1. Before we move on, is SER2 closer than 28 Å to LEU596 by Cβ and of a type in the set (S, T, N, Q)?
2. Cβ contacts < 7 Å: first residue at positive phi, restricted to the stretch 363-391; second residue outside any loop (DSSP other than H, G, I, E, B) and hydroxyl-bearing (Ser, Thr, Tyr), any location; separation 6+ or different chain. Result?
3. Which ones in the stretch 701-734 are in contact with a Leu (Cβ under 9 Å, 6 or more places away or on another chain) and small (Gly, Ala, Ser)?
4. Inspect the stretch 688-701 for any residue being buried (at least 22 other Cβ atoms within 10 Å of the Cβ) and not in a loop (DSSP other than H, G, I, E, B) and give the result as yes or no.
5. Being crowded, with 22+ Cβ neighbours inside 10 Å, among the β-branched types (Val, Ile, Thr) and at pLDDT 95 or above narrows it down to one of ILE376, ILE357, so name that one.
6. How about the stretch 503-568: which helices (runs of 4 or more DSSP H) wholly inside it have at least 3 residues that are within 16 Å of the ligand (Cβ to nearest atom)?
7. Could you list, in sequence order, all residues of the stretch 326-346 that are surrounded by fewer than 19 Cβ atoms within 10 Å (Cβ to Cβ) and part of a loop (DSSP other than H, G, I, E, B)?
8. Is it fair to say ARG713 is at pLDDT 95 or above and buried (at least 22 other Cβ atoms within 10 Å of the Cβ)?
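The values are calculated or read from the model by the stated rules, or taken from the named source; none is laboratory data. As the structure is a prediction and not an experimental result, all values here were calculated from the model. Backbone-built Cβ (ideal geometry, glycine too); neighbour counts: all protein chains shown.
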Amino acid sequence: MSILLPILALLLAGGIAAYHRLSLAMWTGLSVALLALAWLAGGHPVAVAVCAVLLAAVAVPLLLTDFRRSRITAPLLDFYTKILPPLSSTERQMLESGTVGFEGELFSGRPQWQRLLDQPAPALTAEEQAFLDGPCEELCRMMNDWEATHVRADLPPEVWAFCKTHKFFGMIIPKEYGGLGFSALAHHKVIQKLASVSSLLSSTVGVPNSLGPGELLMHYGTQEQKDHYLPRLADGREIPCFGLTGPFAGSDATSIPDTGVVCTGQWNGAEVVGIRLNFEKRYITLAPVATLIGLAFRLYDPDKLLGDTEDLGISLALIPRDTPGMEIGRRHFPLNVPFQNGPIRGKDVFVPLSALIGGEEYAGKGWAMLVECLSIGRSITLPSTASGSSKAFAVVTGAYARIRKQFGLSIGRFEGVEEVLARMAGNAYAISALAEATAAAVTRGENPAVPSTIAKYHCTEMGRQVVSDAMDVHGGKGIILGPRNYLGRAWQGTPIGITVEGANIMTRSLMIFGQGAIRCHPWVLKEMQAAMIEDRGTRLREFDKVLFSHIGFAVSNAVRALWMGLTASRFGRAPGDAYTRRYYRKLNRYSAALALCADTSMLTLGGKLKFKEKLSGRLGDVLSQLYLASAMLKRYEDAGRPVSDRPLLAWAFHDAVHKIELALSGALRNFPVRPIGWALWVLVFPLGRRAQAPSDRLGRRAAALLMTPGDARDRLARGTFLTPCENNPAGRIDSYLPKVVLAEPVERKFLKALKGSDVENRPYEEQLAAGVERGWITEAEKAQLHELRTMTLDAITVDDFDPAELEAAGARPVPALPGAEPEAA
Ligand SMILES: Cc1cc2nc3c(=O)[nH]c(=O)nc-3n(C[C@H](O)[C@H](O)[C@H](O)COP(=O)(O)OP(=O)(O)OC[C@H]3O[C@@H](n4cnc5c(N)ncnc54)[C@H](O)[C@@H]3O)c2cc1C
């Protein structure tokens with residue numbers, strides 16, 4: 001023991017220093033102190049001396065700064081410069097765009113939760129709330145989704161007019177330019193509400209308020225462009241679209257082959273320097289009705305009219321629809337959610353240089369402009385759409401599952417359905433927390449590059465699960481399309497959200513971790529920047545500072561991950577109440593594990609990491625679930641820790657933690673360098689994988705919450721359009737729930753009495769009459785059961801059509817595909 005004592009003292013000092021991230025000097029001091037104690041406590045003098053020498057051998061070179069820089073840092077810097085993957089300017093712009101908010105804490109291995117909890121609870125202004133309760137509610141009430149999607153394949157003219165009059169297309173445009181000047185939070189709430197009633201409507205309103213001419217002009221437009229276009233966009237005189245994608249450039253948008261050549265040409269009767277454009281774009285939302293086309297193209301200046309550079313790079317311009325050479329194509333038909341979308345082409349379209357967004361000064365800066373604005377759009381439109389539909393579908397499916405009976409029971413009482421309902425409840429809770437968190441970040445003035453990607457991916461993926469689940473619970477009722485079907489179009493349209501604004505497979509496997517690892521990591525970007533400093537002395541000094549902070553950080557994460565793994569993260573400071581404190585502790589553990597695995601992956605794989613998409617996707621999942629769980633905890637705090645929300649929070653939290661462990665174990669089991677994967681496994685899972693998926697008991701509570709009126713259910717539904725009215729069958733079904741619940745005991749009593757009686761097989765009205773006559777039920781109860789039957793019929797009835805009604809009026813026979821075999825005579 002006397003030999004082991006000094007060794008244990010050194011290990012303890014190292015462990016404490018690493019866990020608490022003490023400085024080098026403090027670690028040395030603590031080690032000396034504990035060694036001295038070990039000696040006094042009877043440690044073997046030789047062992048103490050050996051440990052002291054070892055300590056000195058490590059600590060002294062590190063503490064002597066000049067020695068450390070020249071002998072340790074300098075060779076490491078040379079090596080680092082060699083392995084640093086070459087970054088294209090596009091990649092650099094991507095990595096350096098946006099701000100880092102709380103997600104940075106999750107990558108720190110020791111999140112400062114107070115930073116999250118101190119953020120003010122998101123709140124709307126009185127004016128924004130009045131808009132939601134007034135024009136937004138009215139618009140939802142007007143919207144007949146079936147008529148729009150099936151009969152017109154467009155929004156009705158009165159809906160277009162209403163949107164323009166009430167400036168739905170100008171929510172993000174400042175008031176000084178005639179827009180509504182709404183916060184991102186209000187924008188999110190409007191899209192969320194519209195999406196709960198029609199994804200056609202929410203997409204149409206979402207696009208002008210998302211990445212496109214309005215957003216780009218506000219950030220980069222010249223004063224003249226702003227004065228001219230913004231008021232016209234705000235009140236709908238101009239309908240914008242933005243064309244980036246083409247047949248040969250989809251996910252790899254920087255490879256657009258569309259060109260603009262600087263030259264002289266005629267404009268308004270005079271010869272001016274301008275741009276001759278040739279382009280072919282497709283999938284462009286609002287293009288068929290757009291009056292103002294935002295266009296991305298590669299700008300060339302072969303005659304050097306603007307300067308010395310010939311290939312200026314991606315640039316953005318605004319082109320009026322009626323410009324000669326511009327061809328607005330026919331319409332695409334996106335999955336029966338027929339928002340306006342189509343191709344545009346341009347042949348030798350000539351525009352003056354003033355058509356460039358931001359003017360000549362911004363020529364060639366188009367990609368940076370897009371990337372900088374992209375996260376705002378990604379933070380709002382798609383997450384809010386998923387949030388609105390998921391919240392509404394979850395609660396309405398809960399109501400439907402209580403109303404619809406099979407085998408004499410509400411279908412929601414069967415365990416199989418209950419399991420699906422629980423998943424819907426948890427996912428809807430998670431989506432709504434995530435969507436609100438990113439909207440709140442934008443409202444605070446952040447440009448949340450990484451969270452917006454997380455929100456885009458996870459809200460649309462969880463939203464797809466919610467709508468699929470809703471379809472399954474509704475059975476045939478979800479499948480038969482018609483005015484009574486509130487699910488079918490949303491289900492058909494889910495791949496749209498998955499594909500647009502960065503298709504999901506690429507978003508998960510390339511972007512979330514790719515951007516997150518560098519943007520959110522406390523040291524990686526700083527290291528890259530330090531290594532690029534011109535002056536050798538400054539470069540070495542800065543690199544040294546950052547490198548040793550990084551090494552300390554990595555060691556600390558290894559120790560923290562191991563300690564919290566061994567203790568099942570039971571200890572350590574954490575905020576929250578008695579219920580949630582353990583949740584924060586669990587997240588502390590996975591935060592350290594993520595930071596450790598991320599560092600190790602970058603160190604061992606270097607530039608190859610960006611091609612290891614499976615690893616990157618899994619580590620991205622860990623980051624995403626950490627962010628998602630934090631957003632849920634923040635939501636719980638902001639709502640005043642409501643006890644009734646706990647089944648939802650608990651289900652969604654356990655699901656997130658379970659997914660974190662699955663992703664981490666997948667990453668480590670498949671780690672490209674196997675021994676490193678094994679070593680990481682020991683540090684991250686010293687006691688094996690322990691997290692469980694949400695239990696059946698918890699699932700029962702979450703499902704029950706959807707099927708029973710209550711404040712947690714109301715909170716979940718808040719912000720959606722569930723007003724019962726003619727155009728809103730979902731709202732009607734939801735409104736029946738309290739009465740259905742009240743009628744259930746009466747129904748049970750009646751059915752018990754009815755069973756085996758002589759009227760059992762008589763029509764329902766006769767049964768009720770007999771029930772009153774024989775004293776089974778009162779007159780009032782008869783009326784209650786009658787109403788229950790009417791409500792049930794409204795809930796379960798589906799539509800049918802005259803065959804002619806299903807024919808598309810404008811459809812023509814499909815022409816033979818080029819090259820197709822001619823039919824045999
Ligand atoms: C309804 C609709 C509306 C749209 N609106 C607009 C608009 O208004 N303006 C506009 O400019 N564009 C618009 N788009 C285009 C949209 O942004 C693109 O569809 C999207 O970028 C994907 O391009 P793609 O469809 O060509 O698919 P592809 O790029 O061919 O991708 C196919 C699949 O491969 C995956 N993939 C590609 N590269 C990688 C990689 N490196 N790693 C992993 N996976 C990868 C993708 O994730 C995807 O799953 C719209 C598209 C649709 C369908």
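1. Working: closer than 28 Å to LEU596 by Cβ: no; of a type in the set (S, T, N, Q): yes.
In short, no.
2. Pairs that qualify, where the first residue is at positive phi and the partner is outside any loop (DSSP other than H, G, I, E, B) and hydroxyl-bearing (Ser, Thr, Tyr), are GLY364/SER315.
3. Within the stretch 701-734, ALA702, ALA703, ALA704, ALA712, GLY719, ALA730, GLY731 meet the criteria.
4. yes
5. Values: ILE376 fails: at pLDDT 95 or above.
Answer to the selection: ILE357.
6. Values: elements: 513-519, 524-531, 536-566.
Correct list: 513-519.
7. GLY329, ARG330, ARG331, HIS332, PHE333, LEU335, ASN336, listed by residue number.
8. Values: at pLDDT 95 or above: yes; buried (at least 22 other Cβ atoms within 10 Å of the Cβ): yes.
Spelling it out, ARG713 is indeed at pLDDT 95 or above and buried (at least 22 other Cβ atoms within 10 Å of the Cβ).
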